[in-house]
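Please treat every number below as a calculation from the coordinates, not as lab data. For clarity, every value in this text was computed on a predicted model and none was experimentally measured. Please note: Cβ atoms are built from the backbone with ideal geometry, for glycine as well, and neighbour counts cover all protein chains shown.
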Amino acid sequence: MFEQMELDKAQLLKILQENDEPEFYKCTFTSPALRQMAFENAVFDDCKMSNIDFAYSDFNSAIFKNCDLNNCSFNGCKIFDAKFENCKLSGSDFSDTSNLNCEFKQCQLCYCFMPDFNFKKLTLNELNFNGAELNGCDFRDTIWENCSMREATIRQCRFKGADLRGCDLGGLTFSEAGNLKGSYISKSQASDILGALAITVL
């Protein structure tokens, strides 16, 4: 395990060459660009990794816990089976990722760019998607628990079978609510949506 280290790109390349499943604890990543790196099966715990360009890197089966990943670019990354728990990911870019079975739990995803992300059949627990760009995401058969999606953009998303009763929808307009076709919402959520049209549910 590599603990409480400040790591630049050269040091990381050496570590990755010598370790198949490296573990980083309370480390600070100092390089602004770590593109095309091979981080598969790595474990990151309580690390500072914000504002880094990780484009086209391999994070398959990597685990992130309690990490600061705000404003990072994961553009084109491989994140199959990766897990993010209690991480700060606000403003990060997940465009064009290979993300099947990627899991998030108790994460801040405000204003993230996550077009066409695949969340199908996952349980989403304590995720904050406020203001996120989620166009084209697959949310079919998901279960939402203590989540928020206020002011998120959700055009062309698939929600068939999704249970959204545990999600703060932020008073979607009627036209925006049309994107939730096939999902399950509560009576109070339906009332909020109709309330945006000055329609009162009795």
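Computed on the chain, with alpha-carbon pairs under 8 angstrom and 6+ residues apart, the relative contact order is 10 percent. FRET efficiency for the Asp8 to Arg155 pair, using the beta carbon distance and R₀ = 41 Å, is estimated at 0.55.
Net charge around Phe39, counting only other residues with Cβ within less than 12 Å of its Cβ (Lys, Arg = +1; Asp, Glu = -1)? It would help to have the intermediate numbers written out before the result.
On the way: positive: Arg35, Lys78; negative: Asp20, Glu21, Glu23, Glu40, Asp58.
Within the 12 Å Cβ shell, the charges total -3.
Starting from the Cα-Cα distance between Gln106 and Lys181, subtract it from 0.36 nm times their residue separation and give me the gain in nm to one decimal.
24.4 nm
Convex hull of alpha carbon positions in region 109-202: directionally averaged projected area 5.1 nm². The value obtained for the chain, namely the Cα convex hull volume divided by the number of residues, is 90 Å³ per residue.
Can you give the charge dipole size of region 62-202 about its Cα centre, rounded to the nearest 20 debye, using +1 on the beta carbon of Lys and Arg and -1 on the beta carbon of Asp and Glu? Don't skip to the end; give the middle numbers.
Values: 15 positive and 17 negative charges, 67 e Å.
Its charge dipole is roughly 320 debye.
Expressed as an acute angle from 0 to 90° and rounded to the nearest 10, what is the orientation of the C-alpha long axis of helix 9-18 relative to the principal long axis of the chain? Result, in degrees: 80.
The Cα atoms of region 1-103 give a gyration tensor whose axes a ≥ b ≥ c have a/c under 1.5, which makes the shape rounded. A crude spin-label estimate for the pair Asp96 and Asn51, with each label 7 Å from Cα along the Cβ direction, gives 2.5 nm. Across the options Ser57, Phe119, Pro22, the greatest Cα extent toward the positive end of the charge dipole of the chain (unit charges at beta carbon of Lys, Arg, Asp, Glu) belongs to Phe119.
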